[in-house]
1. Within the range 106-117, is even one residue farther than 26 Å from HIS163 by Cβ, outside any strand (DSSP E or B) and more than 25 Å from the chain's Cα centre (by Cα)?
2. Filtering the range 250-273 down to residues that are in a loop (DSSP other than H, G, I, E, B) and over 20 Å from the mean Cα position of the chain (by Cα), which residue is nearest to PHE240 (Cα to Cα)?
3. Check whether at least one residue in the range 70-82 is within 16 Å of the ligand (Cβ to nearest atom), under 20 Å from the mean Cα position of the chain (by Cα), of a type outside the set (Asp, Glu) and in a helix (DSSP H, G or I), and report yes or no.
4. Is at least one residue of the range 109-129 outside the structural domain of LEU39 (by TED's automatic domain parsing), crowded, with 24+ Cβ neighbours inside 10 Å, acidic (Asp, Glu) and at negative phi?
5. Counting only residues that are in a loop (DSSP other than H, G, I, E, B) and either touching a Leu at 6+ places or on another chain (Cβ under 6 Å) or modelled with pLDDT under 95 (or both), which one in the range 37-49 is surrounded by the fewest Cβ atoms within 10 Å (Cβ to Cβ)?
6. Can you say whether SER67 is free of Cβ contacts under 8 Å to residues at least 60 places away in the same chain, assigned to a loop (DSSP other than H, G, I, E, B) and either within 16 Å of the ligand (Cβ to nearest atom) or small (Gly, Ala, Ser) (or both), as far as the supplied structure shows?
7. How many residues are under 21 Å from GLU63 (Cβ atoms) and either small (Gly, Ala, Ser) or at pLDDT below 95 (or both) if we restrict to the range 80-123?
8. Given the criterion surrounded by 17 or more Cβ atoms within 10 Å (Cβ to Cβ), within 21 Å of LEU138 (Cα to Cα) and within 16 Å of the ligand (Cβ to nearest atom), identify the matching residue among VAL255, VAL272, VAL290.
Amino acid sequence: VEHLLGIKHLNRADIELIFKTADHFKEVINRPIKKVPSLRDITIANLFFENSTRTKLSFELAEKRLSADVINFSASQSSVKKGETLIDTANNILSMKVDLIVMRHPNVGACDFLSKHVDAKIVNAGDGTHEHPTQALLDSYSIREKLGSVEGKNVVIVGDILHSRVALSNIYALKLQGANVKVCGPKTLIPKYIESLGVDVEYDIKKALQWCDVANVLRVQNERMAINYFPSTREYSQLFGINKELLDSLGKEIVIMHPGPINRGVELTSDVADADQAIILNQVENGVAVRMAVIYLLAQQIEHK
Ligand code: CP
């Protein structure tokens with residue numbers, strides 16, 4: 001593939017190649033010297049039009065570990081505030097001899113749009129409620145690391161599916177790799193098209209957790225909801241929040257994942273978020289190796305002008 005715009009554009013072999021490459025880079029970044037010289041001739045711009053902690057820092061570190069030159073752009077401190085368009089912004093940055101853009105944007109399809117209008121590789125770091133492909137890749141990579149494979153595993157995605165780019169990218173990635181996928185959450189936060197993706201819906205959190213090997217628990221995205229949305233935060237935590245008592249009642253140990261940032265006490269209590277069966281910080285650790293793999297593989301296609 002020419003860009004990484006979404007998991008929808010990948011096949012199973014693409015994912016396997018990314019994971020094999022990430023295995024190599026994970027070994028590299030656990031050495032005392034964590035850098036390789038692979039991308040000394042590549043320049044990357046990280047364009048963030050929406051807030052981020054994990055994705056932004058993880059991409060930057062991945063690029064630096066590959067020895068690329070890196071520039072960072074935050075829309076809130078830029079001339080976007082003076083009215084400059086996305087294409088003008090990108091073309092001005094690209095004129096400084098930038099080869100690849102990593103972009104997070106609040107609008108669905110923004111990365112796809114940019115890829116059609118500028119001469120650079122584009123990596124989607126999250127576009128609105130659409131896709132977050134590197135998050136899904138690092139999530140599947142973390143399941144593979146913890147359980148040996150993704151194929152045949154029962155994975156439930158819990159929470160605000162409607163507003164979640166993490167959910168959609170995860171569904172595509174998990175289905176491609178042969179996992180069984182369910183979603184669980186309030187009816188108001190489950191999109192109507194979900195079953196057309198080959199995903200079952202379970203409204204009872206205890207039944208969903210009893211069925212699964214892995215629960216990927218999403219953040220309730222209050223910033224994307226109207227005021228007075230049902231359920232309220234308190235109702236949500238009572239109906240779908242995962243606490244230690246609920247986990248202990250399952251009679252088996254499941255893997256708990258969360259893409260971050262966590263609303264502690266809403267979707268997960270702290271004793272669950274920090275439990276040994278939660279691999280939340282492993283996900284973050286794996287994000288660097290997986291993003292190194294994505295950038296490295298795309299950079300192999302760059303011809304210098
Ligand atoms: N998981 C994730 O995308 O986190 P950030 O919004 O902090 O990048």
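1. Narrowing the range 106-117 to residues farther than 26 Å from HIS163 by Cβ: 117.
From what's left, outside any strand (DSSP E or B): 117.
If we keep only those that are more than 25 Å from the chain's Cα centre (by Cα) as well, we get none.
Checked the range 106-117: no residue is farther than 26 Å from HIS163 by Cβ, outside any strand (DSSP E or B) and more than 25 Å from the chain's Cα centre (by Cα).
2. Restricting to residues being in a loop (DSSP other than H, G, I, E, B) and over 20 Å from the mean Cα position of the chain (by Cα), the top hit is VAL266.
3. no
4. No, the range 109-129 contains no residue that is outside the structural domain of LEU39 (by TED's automatic domain parsing), crowded, with 24+ Cβ neighbours inside 10 Å, acidic (Asp, Glu) and at negative phi.
5. Quick first cut of the range 37-49, residues in a loop (DSSP other than H, G, I, E, B) only: 37-42, 49.
Next, from what is left, pick out any that are either touching a Leu at 6+ places or on another chain (Cβ under 6 Å) or modelled with pLDDT under 95 (or both): 38-39.
Working: SER38: 18, LEU39: 25.
Result: SER38.
6. Considered against the rule, which asks whether it is free of Cβ contacts under 8 Å to residues at least 60 places away in the same chain, assigned to a loop (DSSP other than H, G, I, E, B) and either within 16 Å of the ligand (Cβ to nearest atom) or small (Gly, Ala, Ser) (or both), SER67 comes out as yes.
7. 5
8. The unique qualifying residue is VAL290.
The values are calculated or read from the model by the stated rules, or taken from the named source; none is laboratory data. Worth saying up front: this structure is predicted, and the values here are computed from it rather than measured. We place every Cβ from the backbone using ideal geometry, glycine too, and count neighbours over all the protein chains shown.
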